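Down below is the structure, laid out as structure tokens.
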Amino acid sequence: MTTTTAPAAGAVAPRQHAPVRRPSLLRLTAVELRKLVDTRAGRWLLITIGLIAAVVVTLQLIYANDADQTFSNFFVPSLLPVGVLLPVLGILSITSEWSQRTALTTYALVPRRERVVTAKLVAVMVAALGSVLASLALAAVGTLVASATGGAGNWQLDGSLIVNAVILQVTSVLMGAAFGLLLLNPPLAIVGYFLLPTVWGVLGEMVRPLRGPSEWLDTSKTMEPLFSSDALTGEQWGRIVVSLLVWMVLPLAAGLFRTLRREVS
Amino acid sequence: MITVENLTKRYGPHPAVDDVSFQCEPGTVTGFLGPNGAGKSTTMRMICGLTAPTAGHATVSGRPYRELPNPGREVGVLLDASAQHAGRTGREALTLSAYTMGLDRREVAAKLDLVGLNAVAAKRRVRAYSLGMRQRLGLAHALLGDPRVLILDEPANGLDPEGIFWMRGLLRDFADRGGTVLLSSHLLREVEAVADRLVVIGGGRIVAQGNKDELLAGGGTLVRARDGAALRRALDAAGLTAADSTDGLLVQADAEAVGQAAANAGVALAELRPADGGGLEQLFLTLTAGESTKEAVR
């Protein structure tokens, strides 16, 4: 047949180009960060996380005693609701590739899947760090408003509190991502992430022989000391590490194994 | 250049792809034909490293796909036009890939323009795209990195006739400039117009492959004259065997020999052309018929 209709022929000519390099991990991470915000759903999840932190600060401005309106008292309570939503971000970052079937494109462009997964993990960790910064900024606004309206407006903040907050938020987003990697399905991973630790917590309360292990395995218990500015004891650190091994490292490893081998279709 | 050697994929005891081997040379368009479920997509996914083969292997430009440093710059892949995030705009979907491959932003606009997605369409979310628009976006995506090889799974699906005609021109042009194209279809007529070579697969096995002209010309030459008896005499005189068919006489010789024989005897021809598909079309119909029967039962 004649090919006179071929449009803009030059643009589709296969070119010989210079040896191509594989995309760097930095580039892949930037792509994954962009994927967190380039859909309406992703943007709203991030906005919601920010709004919730703002609401928590506002509520304290209204209801907390003047003497308690300090920087650390604005900062710490905003960590918990944000820490609940961050895992969802981690889960969706991983699972939406499969639910939206973009894995077909992503893994065709980057066949070394472990590099994509690494980039995703780094991206959600960056988002978690960003959330801590947002919490700090909102706490600062709250403190300013408090000092203008007769609250304590005390700016004192222990460095350890920030470190603890970072550990808290980064591990929660990674736990979410680990569940996403393991289950590769958004509803399943979200339900699994919230249900399993709760079930475990309830069992730990009800079944006496489980009470001992639950002190070491229930993340809501082991992570609790991170909300205070007191230095953690060796045993408290031990419990955090053990619970994270079970709820973060194990699903992360199993999930990576599964993701690397899974057929993309 | 695509080389497929003894590719096999089993799901349980059932082989979806069974010992498939073929080659796609630079400068050619290879039509990968077979009814739905014959193993075309599985084979293509194995070539692209998305599905691990049970046995055998495939290379693209001489290397296994997974070992290509930046595959998008070497191979343009369109396996499923619907596999795009519904919440992203067409432009954003391309931008993400362009950035992954390390391409200039301008490539995105250039390729959107090339496939005929205008600025309005590019700003819309993929959710709102018709299948035809998704195919065009997928094609833009495949062409984004200026690859030398294209692997396209049913790219004509959902395109209107004008779109199909346009795409043929694009692929023909790509191959004529030294590119390698592998495109699949479940319609013989769809790839016939653009392919140089055909690979026909049924039930996971290759049932025919070769040059399109050879495969399609298997049926000989069809010739017709108002004076059928004179034509037959002319052919007999030239030593050509002719068989009756519904459209005229079917001769096992090329058109030149038949035309010469008629001219020597002074017979005016009404029609002279290669007989349609013959064996291949019959084979393809058998494959497809078997499948549609299965679907009807299901």
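The values are calculated or read from the model by the stated rules, or taken from the named source; none is laboratory data. Computed from a predicted model, the values in this text were never measured in an experiment. For neighbour counting, all protein chains shown are included, and Cβ atoms are generated from backbone atoms with ideal geometry for every residue, glycine included.
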> Do we find that B:ALA109 is more than 10 Å from chain A (Cβ to nearest Cβ) and touching a Gly at 6+ places or on another chain (Cβ under 7 Å) in this structure?
Replying inline: no
> (1) of a type in the set (Phe, Trp, Tyr); (2) exposed (fewer than 14 other Cβ atoms within 10 Å of the Cβ); (3) within 17 Å of the chain's Cα centre (by Cα): which one isn't true of A:PHE179, the others all being true?
Replying inline: (2)
>> I need the helices (runs of 4 or more DSSP H) fully contained in region B:151-257, keeping only those with at least 3 residues that are without any contact (Cβ under 8 Å) to a residue 40 or more places away in the chain.
In response: B:161-176, B:228-237
> Restricting attention to region B:8-17, does a residue exist that is of a type in the set (Val, Ile, Thr) and either outside any loop (DSSP other than H, G, I, E, B) or under 20 Å from B:GLY178 (Cα atoms) (or both)?
Replying inline: yes
> Across region B:148-179, what is the number of residues that are of a type in the set (D, E, K, R), in contact with a helix residue (DSSP H, G or I) (Cβ under 6 Å, 6 or more places away or on another chain) and over 17 Å from B:ARG134 (Cα atoms)?
Replying inline: 1
> So which residues in region B:24-37 are of a type in the set (A, V, I, L, M, F, W, C) and out of contact with any helix residue (DSSP H, G or I) (no Cβ under 7 Å at 6 or more places or on another chain), if there are any at all?
Replying inline: B:CYS24
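So is B:LEU182 within 26 Å of B:TYR129 (Cα to Cα) and either assigned by TED's automatic domain parsing to the domain that holds B:SER130 or surrounded by 17 or more Cβ atoms within 10 Å (Cβ to Cβ) (or both) or not? Working first, answer last.
On the way: within 26 Å of B:TYR129 (Cα to Cα): yes; either assigned by TED's automatic domain parsing to the domain that holds B:SER130 or surrounded by 17 or more Cβ atoms within 10 Å (Cβ to Cβ) (or both): yes.
Yes.
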>> Residues that are within 30 Å of A:ILE62 (Cβ to Cβ), at pLDDT below 85 and of a type in the set (Asp, Glu): does region A:213-231 have at least one?
In response: yes
> Since A:VAL132 meets every condition but one in (1) more than 22 Å from B:ARG127 (Cβ to Cβ); (2) touching a residue at least 60 places away in the same chain (Cβ under 8 Å), which condition does it not meet?
Replying inline: (2)
>> Condition first: among the basic types (Lys, Arg) and in contact (Cβ under 8 Å) with a residue 12 or more places away in the chain. Now tell me which residues in region A:25-45 satisfy that.
In response: A:LYS35
> Within the bounds of region B:94-101, is there any residue that is of a type in the set (A, V, I, L, M, F, W, C) and farther than 28 Å from B:ALA119 by Cβ?
Replying inline: no
>> Of the residues A:ALA64, A:ALA53, only one is touching a helix residue (DSSP H, G or I) at 6+ places or on another chain (Cβ under 6 Å), away from chain B (no Cβ under 14 Å) and crowded, with 16+ Cβ neighbours inside 10 Å; which?
In response: A:ALA53
